[in-house]
Structure formats: structure tokens, C-alpha cells
Amino acid sequence: MTRGFFRSAGIILVCFITMIGCNPDEPQTPEATALAFEKLAGEWTLGTNGKILLDEINVSANYPGFSLSFTDGTYNTTNAGELLPASGTWEWADREAKKVNLDGTLEVNLVTLTESSFTFTFDHTTGTDRPVRAGYNGTYEITVEK
């Protein structure tokens, strides 16, 4: 009789602990991509502190009035030459919100992303005889602000 009592009590205890651990009312932590999109959404410009570097050389003067804006699943650029398309689609390339795919072909690495500053890098690999305005081949680092 005592063994049966302890066995039943043990089963009840295990069930109770399992139920406590599965509390559906616990607040869920938002995914990294959702938190990052809150910062990414909106219009970004070179402003006063922004810059466009090509292999660590400042080429911002070749992109006057450059801007980039993100909405849910789409983006638009202004005065990006052929460096980036004028518009297109984007999606997260990873769950950590460290990479974005533009139009499914260009992977962009997020270096920093705050509410007011955004720095990203990517490798541009179009024709080798294009002028700077169209985007030389190389690694670009772009810093923009809201």
C-alpha cells in the first residue's frame, strides 16, 4: 500500500511540474528579425554622418542624395546608380537578423543597426569597365542615418 501511494504521488508530482513548465501565459520573446525590422523600417539617407566606402575609400560624392527605404518585404533607393536597384524585394537571410537578401541575389551584411544609424556591407561584382557612379567591383560599406 505504501509503495502504491508513493508511486501515485510521484506521478502526480511529475505531471504538476510538467504543467508548470508549459505555462502558455508566459510572454514570448519577439524574434530577432521582428526586433530588427522595427529599426530597419523607414527611410535612410547619408545625412551628415553617412558615407559610402568602396574598399575603404570614401566614394559618397558619387551618390549625391542617396537614400534607401525599407517596408515589409520591399525596398526603394534614390540616386544609387547601378550600385543597388531602384526598388525590389528583400528578406532576412538568417534568423539572427545579421544578413538580408535583396531580390534573392545580393546578400547584405548588417554591421550595425540602431533606431538612427545603419551600417551594412556587400560585395559588388558587375562588369569591370563600369564607372564609379555605376558601382565599381569591390566591397562596399554604407552608413546611413534616419
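Please treat every number below as a calculation from the coordinates, not as lab data. Predicted model only: the values in this text are computed from it and were never measured. Note that each Cβ is placed from the backbone with ideal geometry, even for glycine, and that neighbours are counted across all protein chains shown.
Taking Lys and Arg as +1 and Asp and Glu as -1, the other residues whose beta-carbon sits under 11 Å from that of Glu145 total 0.
Remark: Glu31, Glu141 ranked as Glu31, Glu141, counting other beta-carbon atoms within 10 Å and listing the fewest first.
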